[in-house]
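I have placed the structure first, in the form of structure tokens, so that the comments after it can refer back to it.
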Amino acid sequence: MRFLAFSFAVALAASPFSALAPHANAASGAAARHVPAVSVANPNTGNLAKDDPCDGPAQLDGQGNPIIPAGASEVRKPFFGGQDEGLVSDLYPDRDTTTDAMYPLPCEPSIGGSIPAIEAPSQDDVDNVAMANKYDAAYGKDVADKLQSNMLPPVSKVGAFKSAQCSIAGQPLACNSPQFLDDGQPFEGRDVIYVHGFAPEQIVRRIEHHTDASQVWPQDAPAFLSPGGYFRKYADAYWRDHIHENLFDPDTPSNPIAGWQWTNSDPAPVYKPKANRYLIVAWSSNQTIEYAQSAMLTQIQRAMRYGENVKTPPTYPASQVRPFCANGCIIISHSTGALLTSTTMARAASGFFGPGAQTIASRMRLHVSFEGAISGSRLATLAMVAALYTTYAPTSVCAMIDNVLSLPNTCLLDTSFFPQSIFRDLMPVVAQGVWGPILNESPVPTLTLAGGHPIGDQASTTKVVLPGLDDGVVSMNSSCGNPIMVQPPLVAPSGAMVTSLVKAFDYSEDAALLARAVKNFISQQDFELAVPPGPLYLAGACTPYLSPTGMVMPVLANMNATIWNTRKRYKNHFSFIQGVVNHSYDPGGVNSNLFPSVQGLPATTTRHYKTFASIDNAEETSAVTDPAIYQQFSDGTYLVHPSFATMHELVFGRSYQYKLFGKKHRFWIWKRTYHLLDKWQKKQSSHYVYEFVGRR
């Protein structure tokens, strides 16, 4: 059994779990981690097998002490803690626990607790939101309308091409033969394409008039295609750590400390370098998305025809001859890369880029989006404000863009190129209004991984302009693949009605966890000046039934049939995982995330997301809302393998127990219920992808 990865402060020190108290990770030098504890047999704290079908709330006296009825026996004093109640599938055998259709639970998931005083947003926060709303409604809409009516023709086209023949040990074989599949490798050994996200470094170097970042596609193609090219080097660095953690060490492919995994056949986490080949796509944030689409297709076509920029590990089967993507490719994107990938594949499949691009689209097996800016980000809106209204942009807006770009005095510098950069396409009014209908036609199934972090990358200054829950850069409405237009201040972000705001608050007696809960609760009520549909309404994650921490929400109305539906998706887009993920965690590299593998640390070293208030955030939960995510293809592989849907129910709070009239009872002073993925204490979001996606 496992506990939530929570600090128990003073209460823990006095409890039977004191031996499992938080401790510093000496190997990594990391801050103290809130270590998962396990329930132990103890006559004062162990669970009483109860006769009640559901636990009840405690009756308290005026001092907050539980009222024990006369005649009660085997009384166990109030106990602060929790435990892993077991597999969700075992606890609810009459329900399909593979999707969120299993909710609501038969028993109340939350009992008691309170909401601390929450500071109102500052005047700067209010001003920034108002400025973003005003800009979107005026200039932003005008940009979208003009683009919609005057789309650029294809920057380049891809001519028809044929790949070389496939063979094993010299024997010709159909490229889609199951003999090329390897169930010991991620994605059955298929090739991988990585597409990076927004690149602030490129924007800054362009502002500072560096010639390398001023190069453009396609005129300066070597900067994107050649190993020493500026944009290629940036793209390689962006994904280097992620690839090291999940495939093999790109710099030293023979390094055994790479390719982390912890499958059901592994008794503990291990390193096992993988055999997948990969291509990294390079594109420029200083150009609009049309140029990035062209650059992406050109690089994939060259990899398929000539193997250009394809990285092959020493473990790749020497007996195989298989052109890149010959039996299907897996695309992995991050942030803006998701918007780029889906729009590119939709346009390619339609014939917009020529017959060769149609061939490329047909070879793309599936697309995994990490923290995708699928519907853009309001930070791009404020960047456009800072660029076009430099003379009267609020100081607070300029300060926020300074923070995003890590550049002082941005509003005083030359940002006149912003409207010709990816900022244009990342404005939600453009991302959704112009590109949304296009990406909605992508033939490539897209799996989304989304985060709701108390801070995210850009510190708390950015949260207020991101409607609803967010990872510090994009809102969960965007990263979940929700097509409902973000229209502040007209429409509040997607969410649900809850039975009680108190019960929907992720209450804890631990100060750090309480601070985290407050941050997320503020985000859940961040409606961008819009009027919510009711006083018990909260913005939601990918599913209304679970928070990013995995807390089961006390949902009164899921809003499925309304304009606030959190479960709405673009066509062929499937929400997969959500967690307390900060925006820059998954790619690593230039985003300053050092995976333990990159540091040469043991495979047993705990992985975690960005720390907040001493908490090493580690939670992941299922965000599956559509059973079609488990679809099986003709070769036996699944989009997501059904074995993924293994979650544990963890209950945490302060309870007491007694026996009365021969029946056993447990009552809660406060309680919260969590559903978290198997092995969540050690795994991170990418690990689930490489284990369960595209497998037989």
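The values are calculated or read from the model by the stated rules, or taken from the named source; none is laboratory data. Computed from a predicted model, the values in this text were never measured in an experiment. Cβ coordinates were reconstructed from backbone atoms using ideal geometry, including for glycine residues, and neighbour counts include every protein chain displayed. Calculation scope for accessible area: heavy atoms of the full protein, side chains included, ligands and nucleic acids excluded. Shrake-Rupley method; radii C 1.70, N 1.55, O 1.52, S 1.80 Å.
Taking the range 370-421 as the search range and keeping residues that are polar (S, T, N, Q), at pLDDT below 90 and part of a helix (DSSP H, G or I), which one is most open to solvent (accessible area, probe 1.4 Å)?
Residue satisfying both the conditions and the ranking: THR395.
From (1) touching an Asp or Glu at 6+ places or on another chain (Cβ under 8 Å); (2) open to solvent by 30 Å² or more (accessible area, probe 1.4 Å); (3) of a type outside the set (Phe, Trp, Tyr), pick out the condition that doesn't hold for ILE118.
If we test ILE118 against (1) touching an Asp or Glu at 6+ places or on another chain (Cβ under 8 Å); (2) open to solvent by 30 Å² or more (accessible area, probe 1.4 Å); (3) of a type outside the set (Phe, Trp, Tyr), just (1) comes out false.
Does the range 306-330 hold any residues that are hydroxyl-bearing (Ser, Thr, Tyr) and part of a loop (DSSP other than H, G, I, E, B), and which are they? If you could, list the steps in order and put the result at the bottom.
Our first condition is that a residue be hydroxyl-bearing (Ser, Thr, Tyr); within the range 306-330, this holds for 306, 312, 315-316, 319.
Those that are hydroxyl-bearing (Ser, Thr, Tyr) and part of a loop (DSSP other than H, G, I, E, B): THR312, THR315, TYR316, SER319.
Which of the residues belonging to the range 129-171 are open to solvent by 70 Å² or more (accessible area, probe 1.4 Å) and among the acidic types (Asp, Glu)?
ASP145
For the range 617-655, enumerate the residues that are assigned to a strand (DSSP E or B) and over 21 Å from SER685 (Cβ atoms). I'd like the intermediate steps shown before the answer.
Step one: list which residues in the range 617-655 are assigned to a strand (DSSP E or B), which gives 620-622, 632, 638, 640, 647-655.
If the condition is that a residue be assigned to a strand (DSSP E or B) and over 21 Å from SER685 (Cβ atoms), then GLN632, VAL651, PHE652, GLY653, ARG654, SER655 are the ones that fit.
Restricting the range 75-93 to residues that are loosely packed, with under 12 Cβ neighbours inside 10 Å and of a type in the set (D, E, K, R), which is farthest from PRO106 (Cα to Cα)? So that I can check it myself, show each step before the final result.
Initial filter on the range 75-93 (loosely packed, with under 12 Cβ neighbours inside 10 Å): 77, 90, 93.
Those left that are additionally of a type in the set (D, E, K, R): 77, 90.
Working: LYS77: 27, ASP90: 14 Å.
Among them, the one singled out is LYS77.
Any idea which of PRO533, PRO596, PRO544, PRO602 is under 25 Å from ILE332 (Cα atoms) and not β-branched (Val, Ile, Thr)? Spell out how you get there, then give the answer.
Details: PRO533 fails: under 25 Å from ILE332 (Cα atoms); PRO544 fails: under 25 Å from ILE332 (Cα atoms); PRO602 fails: under 25 Å from ILE332 (Cα atoms).
Answer to the check: PRO596.
Which one of these is closer than 20 Å to PRO109 by Cα, open to solvent by less than 20 Å² (accessible area, probe 1.4 Å), touching a helix residue (DSSP H, G or I) at 6+ places or on another chain (Cβ under 9 Å) and polar (S, T, N, Q): SER478, SER494, SER508?
Working: SER478 fails: closer than 20 Å to PRO109 by Cα; SER494 fails: closer than 20 Å to PRO109 by Cα.
Just a single option satisfies the conditions, and that option is SER508.
Would you point out the residue of the range 328-337, among those that are crowded, with 24+ Cβ neighbours inside 10 Å and not hydrophobic (A, V, I, L, M, F, W, C), that is farthest from GLN202 (Cα to Cα)? Walk me through it before giving the result.
Taking the range 328-337 as the starting set, the residues that turn out to be crowded, with 24+ Cβ neighbours inside 10 Å are 329-337.
Those left that are additionally not hydrophobic (A, V, I, L, M, F, W, C): 333-337.
On the way: SER333: 18, HIS334: 16, SER335: 15, THR336: 14, GLY337: 15 Å.
Residue satisfying both the conditions and the ranking: SER333.
Suppose we filter ASP100, ASP96 for residues that are open to solvent by 70 Å² or more (accessible area, probe 1.4 Å), over 26 Å from GLU509 (Cα atoms), at pLDDT 95 or above and not basic (Lys, Arg); which single one remains? Please lay out each step first, then the result.
Values: ASP100 fails: open to solvent by 70 Å² or more (accessible area, probe 1.4 Å).
Going through ASP100, ASP96 in turn, just one is open to solvent by 70 Å² or more (accessible area, probe 1.4 Å), over 26 Å from GLU509 (Cα atoms), at pLDDT 95 or above and not basic (Lys, Arg): ASP96.
Taking MET1, is it at pLDDT 50 or above, within 29 Å of the chain's Cα centre (by Cα) and not polar (S, T, N, Q)?
Details: at pLDDT 50 or above: no; within 29 Å of the chain's Cα centre (by Cα): yes; not polar (S, T, N, Q): yes.
In short, no.
Assess whether VAL281 counts as being touching a helix residue (DSSP H, G or I) at 6+ places or on another chain (Cβ under 9 Å), open to solvent by 20 Å² or more (accessible area, probe 1.4 Å) and closer than 30 Å to SER214 by Cβ.
Values: touching a helix residue (DSSP H, G or I) at 6+ places or on another chain (Cβ under 9 Å): yes; open to solvent by 20 Å² or more (accessible area, probe 1.4 Å): no; closer than 30 Å to SER214 by Cβ: yes.
Answer is no for this residue.
Take residues that are touching a strand residue (DSSP E or B) at 6+ places or on another chain (Cβ under 6 Å) and not basic (Lys, Arg) and tell me which of the helices (runs of 4 or more DSSP H) falling wholly in the range 179-273 contain 1 or more. It would help to see each step written out before you state the result.
Numbers: elements: 200-207, 222-225, 230-246.
Fully inside the range 179-273 and qualifying: 230-246.
Pick from GLY71, GLY86, GLY113: which is under 18 Å from LYS503 (Cα atoms) and either touching a strand residue (DSSP E or B) at 6+ places or on another chain (Cβ under 9 Å) or not small (Gly, Ala, Ser) (or both)? Reasoning before the result, please.
Numbers: GLY71 fails: under 18 Å from LYS503 (Cα atoms); GLY86 fails: under 18 Å from LYS503 (Cα atoms).
The unique qualifying residue is GLY113.
Here is a list of conditions, (1) within 19 Å of the chain's Cα centre (by Cα); (2) under 23 Å from MET551 (Cβ atoms); (3) crowded, with 21+ Cβ neighbours inside 10 Å, and HIS648 meets all of them except one; can you say which number that is?
That leaves (1) as the condition not met.
Out of the range 603-632, which residues are among the acidic types (Asp, Glu) and in contact with a Pro (Cβ under 8 Å, 6 or more places away or on another chain)? Explain how you work it out, then say what you get.
Here is the first cut: in the range 603-632, the ones among the acidic types (Asp, Glu) are 616, 619-620, 626.
Passing the criteria: only GLU619.
Inside the range 331-366, can you point out the residues that are under 14 Å from the mean Cα position of the chain (by Cα) and either among the polar types (S, T, N, Q) or in a strand (DSSP E or B) (or both)? Working first, answer last.
At the first step, the residues of the range 331-366 found to be under 14 Å from the mean Cα position of the chain (by Cα) are 332-338.
Across the range 331-366, the qualifying residues are ILE332, SER333, HIS334, SER335, THR336.
Tell me, which residue of the range 577-594 that is assigned to a loop (DSSP other than H, G, I, E, B) and of a type in the set (A, V, I, L, M) is surrounded by the most Cβ atoms within 10 Å (Cβ to Cβ)?
So the first thing to find is which residues in the range 577-594 are assigned to a loop (DSSP other than H, G, I, E, B), and the list is 580-588, 592-594.
With of a type in the set (A, V, I, L, M) added as a condition, the list becomes 580-581, 594.
Numbers: VAL580: 27, VAL581: 29, LEU594: 14.
Among those that are assigned to a loop (DSSP other than H, G, I, E, B) and of a type in the set (A, V, I, L, M), it is VAL581.
Quick check on ALA292: is it farther than 28 Å from GLY170 by Cα and either open to solvent by less than 10 Å² (accessible area, probe 1.4 Å) or modelled with pLDDT under 95 (or both)?
yes
Taking the condition of being under 24 Å from ASN255 (Cα atoms) and open to solvent by 50 Å² or more (accessible area, probe 1.4 Å), how many residues in the range 309-321 meet it?
The total comes to 6.
Go through the range 657-682 and report how many residues are modelled with pLDDT under 95, more than 14 Å from TYR507 (Cβ to Cβ), assigned to a strand (DSSP E or B) and under 37 Å from the mean Cα position of the chain (by Cα).
Number satisfying all stated conditions: 2.
Tally up the residues in the range 598-616 that are in contact with a helix residue (DSSP H, G or I) (Cβ under 8 Å, 6 or more places away or on another chain), part of a loop (DSSP other than H, G, I, E, B) and crowded, with 24+ Cβ neighbours inside 10 Å, please.
The qualifying residues number 0.
Find the residue count for the range 542-576, including only residues that are open to solvent by 10 Å² or more (accessible area, probe 1.4 Å) and either among the aliphatic types (A, V, I, L, M) or without any contact (Cβ under 8 Å) to a residue 40 or more places away in the chain (or both).
Final tally of qualifying residues: 9.
Determine whether VAL473 is open to solvent by 10 Å² or more (accessible area, probe 1.4 Å), at pLDDT below 95 and part of a helix (DSSP H, G or I).
Taking the combined requirement at face value, the residue does not satisfy it.
Mind listing whichever residues of the range 201-229 are more than 21 Å from SER156 (Cα to Cα), free of Cβ contacts under 8 Å to residues at least 24 places away in the same chain and crowded, with 17+ Cβ neighbours inside 10 Å?
ARG205
Could you tell me which numbered condition ALA70 fails, if it satisfies all but one of (1) open to solvent by 60 Å² or more (accessible area, probe 1.4 Å); (2) of a type in the set (A, V, I, L, M, F, W, C); (3) modelled with pLDDT of 95 or more?
(3)
So which residues in the range 502-521 are within 21 Å of the chain's Cα centre (by Cα) and of a type in the set (Asp, Glu)? Walk me through it before giving the result.
Our first condition is that a residue be within 21 Å of the chain's Cα centre (by Cα); within the range 502-521, this holds for 506, 513, 516-521.
Correct list: ASP506 only.
Look through the range 422-443, keep the residues that are under 13 Å from LEU340 (Cα atoms) and outside any helix (DSSP H, G or I), and return whichever of them is least open to solvent (accessible area, probe 1.4 Å).
Only one residue tops the list, namely SER442.
Can you name every residue in the range 189-242 that is in contact with an Asp or Glu (Cβ under 6 Å, 6 or more places away or on another chain) and either charged (D, E, K, R) or more than 29 Å from LEU412 (Cβ to Cβ) (or both)?
GLY189
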